[in-house]
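Shown next, in structure tokens, is the structure this report addresses.
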Amino acid sequence: MAKKKKNKLESEDLNQEQIGSPEDVKDSEEVSAKAETGVTDETDVTAETEINAEETNLEEEYAELNDRFLRLIAEYDNFRKRSQKEKDSLYSDSVVDVCKAWLPVLDNLDRAIEAAEKFVSDESKQMAEGMEMVRRQAIEVMSGLGVDMMDCLGEKFDPEYHEAVAHIEDDSYGEGEIIDVLQKGYIKGDRIIRHAVVRVAN
């Protein structure tokens, strides 16, 4: 009987050693919980790091695309301005070329008017008036294209706009004053189509 009781106690002690004390079980549970929490925390940190890296990549990609977009807009704007400038220049050149070709016609019209005015007959006067009307119309058309005739009689000679073919000694005029226009000059903006041919007083 005593032997059976002893064996029973030894068996309980052995089971107790295998299971461990309540304190040991509690400690084991805490370690297990900490281990699980550590894995979870590490996973959260990894996920957050990946998200931050992805956000950084997206921000860099956005900045690059935005920069390319702004450059493209600037290039297009420059192209548009350059094209418009070339178009305006081409138009201006065409106007100048056409008007320059018509200037000899206007010169001959002026000569015809002067010749007709020398005659005293009514027919000659009517013809001169008709040619003068045509001349005015031609000048208006050229003015509408931005071409203006230089009004230089009585002005001071300027080699940038005038071409002197004769110098006249006359004290009744000022020094360098234009006293006669032999051929009218024309200008478009700041472009000279033809210099005025003049006589200048010394």
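Filtered by the rule that a residue be part of a strand (DSSP E or B) and surrounded by 15 or more Cβ atoms within 10 Å (Cβ to Cβ), segment 188-202 gives LYS188, ILE192, ILE193, ARG194, ALA196, VAL197, VAL198, ARG199, VAL200, ALA201. Just the residues that are touching a helix residue (DSSP H, G or I) at 6+ places or on another chain (Cβ under 9 Å) and either of a type in the set (Ser, Thr, Tyr) or surrounded by fewer than 17 Cβ atoms within 10 Å (Cβ to Cβ) (or both), please, taken from segment 160-187. Hits for segment 160-187 are GLN183, TYR186.
Yes/no matrix, rows are residues, columns are (1) closer than 27 Å to ILE179 by Cα; (2) within 37 Å of the chain's Cα centre (by Cα); (3) among the small types (Gly, Ala, Ser); (4) outside any strand (DSSP E or B):
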residue	(1), (2), (3), (4)
LYS100	yes, yes, no, yes
LEU109	yes, no, no, yes
SER143	yes, yes, yes, yes
CYS152	yes, no, no, yes
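Would you be able to say whether some residue in segment 122-136 is assigned by TED's automatic domain parsing to the domain that holds ASP88, within 16 Å of ALA196 (Cα to Cα) and under 44 Å from the mean Cα position of the chain (by Cα)? Within segment 122-136, not a single residue is assigned by TED's automatic domain parsing to the domain that holds ASP88, within 16 Å of ALA196 (Cα to Cα) and under 44 Å from the mean Cα position of the chain (by Cα).
Contact map, segment 164-179: first residue in the same structural domain as ARG199 (by TED's automatic domain parsing), second residue among the small types (Gly, Ala, Ser) and at pLDDT 90 or above, Cβ cut-off under 6 Å, separation 6 or more or different chains; pairs are ILE168/ALA201; ASP170/ALA201; TYR173/ALA201; GLU177/ALA201; ILE179/ALA201.
Against the criterion of being part of a helix (DSSP H, G or I) and farther than 18 Å from VAL181 by Cβ, VAL120 does not qualify.
For (1) among the hydroxyl-bearing types (Ser, Thr, Tyr); (2) modelled with pLDDT under 90; (3) exposed (fewer than 10 other Cβ atoms within 10 Å of the Cβ); (4) in the same structural domain as ILE193 (by TED's automatic domain parsing), each residue gets a yes or a no:
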residue: LYS3; (1), (2), (3), (4): no, yes, yes, no
residue: THR46; (1), (2), (3), (4): yes, yes, no, no
residue: GLU50; (1), (2), (3), (4): no, yes, no, no
residue: TYR62; (1), (2), (3), (4): yes, no, no, no
residue: ILE73; (1), (2), (3), (4): no, no, no, no
residue: ARG80; (1), (2), (3), (4): no, no, no, no
residue: SER89; (1), (2), (3), (4): yes, yes, no, no
residue: LYS100; (1), (2), (3), (4): no, no, no, no
residue: LEU109; (1), (2), (3), (4): no, no, no, no
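The values are calculated or read from the model by the stated rules, or taken from the named source; none is laboratory data. Just so you know, these numbers come straight off a predicted model, no measurement behind them. Every residue, glycine as well, gets a Cβ built from its backbone with ideal geometry; the counts of neighbours run over all protein chains shown.
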